[in-house]
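**Student:** Below is one structure. I have some questions about it.
The values are calculated or read from the model by the stated rules, or taken from the named source; none is laboratory data. Bear in mind that the values here come from a model prediction, so they are computed numbers and not experimental data. Positions of Cβ are generated from backbone atoms using ideal geometry, with glycine treated the same way; all protein chains shown enter the neighbour counts.
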Amino acid sequence: MNVAAILKLKGREVFTAAPDTPLQEIAKLLGRHRIGCIVIAAEDGKVIGIVSERDIVREIARAGASVLDEPVEVCMTKAVVSCRESDTMDQLMGEMTAHRFRHMPVVDRGRLTGLVSIGDVVRMRIAEAEMEAAAMREYIATG
């Protein structure tokens, strides 16, 4: 199973913001939409960063609550690791584990096409295991 299969199931909606968006607004978006991260995009749509709830909490701990008036570019991750739709779930899990993050933008030909979370990967793994178990039960019952 690959990233394209995950996106087909969950959809391709991704919340994005400009790098000059205040952290306070980013925090409100995260809360309002009950999401864990927002992709930061340039005017041309190119991914230039990503910010998570954890990034905001760490920045507040470092600099105090006044940082919420600062633009998101002060605490966003700029070296964004992304994946392609053709990447396998094993590749995805390997990258997420190696880099210790929970969200990965999906980029195709330089354009953002989706976002995959560790929760999405776990749901797909569980569905895959259930299908395999059902197939095995069917095989045993008819064999």
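**Student:** Could you pull out the residue among Val47, Val81 that is β-branched (Val, Ile, Thr), within 19 Å of Asn2 (Cβ to Cβ) and touching a strand residue (DSSP E or B) at 6+ places or on another chain (Cβ under 9 Å)?
**Tutor:** Val81
**Student:** Quick one: would you say Gly36 is loosely packed, with under 12 Cβ neighbours inside 10 Å, within 17 Å of Leu112 (Cβ to Cβ) and at pLDDT below 95? Let's see the steps before the verdict.
**Tutor:** Details: loosely packed, with under 12 Cβ neighbours inside 10 Å: no; within 17 Å of Leu112 (Cβ to Cβ): yes; at pLDDT below 95: yes.
Considered against the rule, which asks whether it is loosely packed, with under 12 Cβ neighbours inside 10 Å, within 17 Å of Leu112 (Cβ to Cβ) and at pLDDT below 95, Gly36 comes out as no.
Every residue, every condition in (1) under 18 Å from Ile50 (Cβ atoms); (2) crowded, with 17+ Cβ neighbours inside 10 Å, yes or no:
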site	(1), (2)
Ala61	no, no
Val72	yes, yes
Met76	yes, yes
Arg84	yes, no
Asp90	no, no
Ala98	yes, no
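**Student:** Then there's this: Residues to consider are Val67, Val80, Val107, Val116; find the one that is in a loop (DSSP other than H, G, I, E, B), surrounded by 16 or more Cβ atoms within 10 Å (Cβ to Cβ) and not charged (D, E, K, R).
**Tutor:** On the way: Val67 fails: in a loop (DSSP other than H, G, I, E, B); Val107 fails: in a loop (DSSP other than H, G, I, E, B); Val116 fails: in a loop (DSSP other than H, G, I, E, B).
When all the criteria are applied, what remains is Val80.
**Student:** Determine, yes or no, whether Ile56 is farther than 17 Å from Arg111 by Cβ, crowded, with 19+ Cβ neighbours inside 10 Å and touching a Cys at 6+ places or on another chain (Cβ under 8 Å). It would help to see each step written out before you state the result.
**Tutor:** Working: farther than 17 Å from Arg111 by Cβ: yes; crowded, with 19+ Cβ neighbours inside 10 Å: yes; touching a Cys at 6+ places or on another chain (Cβ under 8 Å): yes.
Judged against the criteria, Ile56 is a match.
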